[in-house]
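Undergrad: I'd like to ask some things about the structure below.
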Ligand SMILES: *Cc1c(COP(=O)(O)O)cnc(C)c1O
């Protein structure tokens with residue numbers, strides 16, 4: 001039986017090989033390996049794509065998050081409100097910026113930040129809100145931005161899984177004071193190595209970031225402050241420019257495949273809700289099954305690669321034991337972690353494969 005992987009980066013490369021190879025050989029012949037014209041062009045194109053004024057390329061998404069948090073003023077001792085059902089990088093970036101992550105629960109239907117839980121989590125030390133647009137769907141931003149305005153908090157969006165996602169017509173990354181993207185290869189817009197970026201409408205934040213990612217450099221031998229090396233490399237800029245031109249078509253295909261799953265499952269399988277406030281880009285297609293671990297084993301046995309994003313919420317990880325948030329504090333997050341299963345979904349996946357995966361899932365619950 002042929003295997004159905006969770007993602008297939010080789011299949012995608014085959015469809016854009018000529019464009020990518022030409023772009024890479026252009027970088028090699030110009031030897032513009034670090035930042036350079038391809039990165040600058042990508043920054044302009046990606047800012048325009050997001051509907052934001054500025055984009056600053058970084059070495060990876062985790063750095064982009066940390067630099068964005070520092071840029072909006074997160075300082076040692078500050079609290080940043082986020083969620084625990086996310087990749088560790090979200091909270092790690094808060095800690096690296098000197099802050100302390102404060103986790104709130106998620107909504108049971110979308111598994112996104114429950115915005116109604118924010119106000120109870122605000123203390124005099126709260127500096128910023130860090131909503132995570134998980135699985136490719138945007139958090140309910142209108143009430144979140146209203147709270148931020150009223151309580152004087154900054155907003156940084158974690159857009160690592162949400163390239164091109166929309167909320168009330170506008171794209172992810174155009175709402176917060178700053179927004180961080182990851183271009184890790186498996187993301188909806190993925191480089192061929194590590195890469196990330198911060199997008200912002202604030203010119204002074206963008207100016208600070210473009211120094212902060214590059215040793216505080218004002219010019220080649222002038223440094224305004226100590227910072228770090230978190231530059232995007234030229235090869236990644238060139239690859240990302242090629243892939244950005246295909247992103248909307250890939251997203252359309254992801255949405256089509258997601259619709260196909262929904263049609264097969266109807267009310268038989270519980271799925272993460274797509275809210276009608278926007279348009280999800282389906283980084284992952286997530287269902288909820290009561291005997292999830294057994295389902296995962298049996299799917300793997302049938303050659304279907306499924307995944308769990310994420311099996312252990314951050315507040316229950318050893319890395320966050322110092323926060324002293326025992327099981328029971330985020331009941332919706334904890335309950336979902338035992339049920340969620342991510343099914344194969346990527347633009348090159350055949351419609352027949354979705355049919356086969358759906359059939360196997362329906363058999364499991366029959
Ligand atoms: C991938 C990811 C990150 C981190 O990005 P890297 O480029 O891997 O550093 C942060 N947050 C979320 C939600 C992610 O999925």
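Undergrad: Going by average Cβ density within 10 Å per residue, which order do the peptides 160-170, 26-36 take, highest to lowest? Before the final figure, lay out each step's value.
TA: Details: 160-170: 21.5, 26-36: 14.5.
The densest-packed peptide leads the list: 160-170, 26-36.
Undergrad: In whole Å, largest first, what are the principal axis extents of the Cα atoms in the chain?
TA: Taking the Cα atoms of the chain, the three principal extents are 67, 54, 37 Å.
Undergrad: If you don't mind, there's one more thing I want to ask. Could you give the Stokes-Einstein D for the stretch 299-366 in µm² per second, using the C-alpha Kirkwood radius, 37 °C, 0.692 mPa s?
TA: Working: Rh = 14.3 Å.
My calculation gives 230 µm²/s for D.
Undergrad: Given an 8 Å cut-off on Cα distances and at least 6 residues of separation, report the relative contact order of the stretch 112-226 as a percent. Spell out each step's value before the answer.
TA: Working: 182 pairs, mean separation 19.1, N = 115.
Answer for the stretch 112-226 is 17 percent.
Undergrad: Whole percent per 5 Å bin, from 0 to the bin with the longest distance: what is P(r) over all C-alpha pairs of the stretch 172-232?
TA: Answer for the stretch 172-232: a P(r) of 4, 18, 22, 20, 19, 13, 4, 1 percent.
Undergrad: How would the stretch 128-189 be classified by its alpha-carbon gyration tensor: rounded, prolate or oblate, with rounded meaning a/c under 1.5 and the a/b versus b/c comparison settling the rest?
TA: Prolate shape, in that a/c is at least 1.5 and a/b is the bigger ratio.
Undergrad: Which value, in Å³ per residue, describes the convex hull spanned by the Cα atoms of the stretch 70-136?
TA: Values: hull volume 5.3 nm³, N = 67.
Convex hull of Cα atoms, per residue: 79 Å³.
Undergrad: If you take all C-alpha pairs in the stretch 33-182, what percent of them are over 29 Å apart?
TA: Roughly 12 percent, once rounded to a whole number.
Undergrad: A further question on this structure: Take the Cα atoms of the stretch 1-85, build their convex hull, and give its volume per residue in Å³.
TA: Values: hull volume 15.7 nm³, N = 85.
Per-residue hull volume (Cα only) is 185 Å³.
Undergrad: Could you work out how far the C-alpha centroid of the stretch 280-346 sits from that of the stretch 82-126, in angstrom?
TA: 18 Å
Undergrad: In addition: Beyond 17 Å, how much of the Cα-Cα pair distribution for the stretch 225-350 remains, as a whole percent?
TA: Working: 5552 of 7875 pairs.
The share of Cα pairs beyond 17 Å in the stretch 225-350 comes to 71 percent.
Undergrad: Continuing with this model, one more query. Treating the stretch 212-254 as a set of equal point scatterers at the Cα positions, no solvent, please give the Debye-formula log₁₀ I(q)/I(0) at q = 0.14, 0.26 Å⁻¹.
TA: Normalising to I(0) and taking log10 leaves -0.53, -0.84.
Undergrad: Need one number: convex hull volume per residue for the stretch 166-285, Cα atoms only, in Å³.
TA: Values: hull volume 15.9 nm³, N = 120.
In the stretch 166-285, the Cα convex hull volume per residue is 132 Å³.
Undergrad: With the radius of gyration and the Kirkwood radius both derived from the Cα set of the stretch 1-40, what is their ratio Rg to Rh?
TA: On the way: Rg = 14.8 Å, Rh = 12.3 Å.
Across the stretch 1-40, the Cα-based Rg/Rh ratio is 1.20.
No value in this document is a laboratory result; all are computed from the given coordinates. Just so we're clear, the structure is a prediction, and the values are computed from it rather than from any experiment. Positions of Cβ are backbone-derived with ideal geometry, glycine not excepted, and every protein chain shown enters the neighbour counts.
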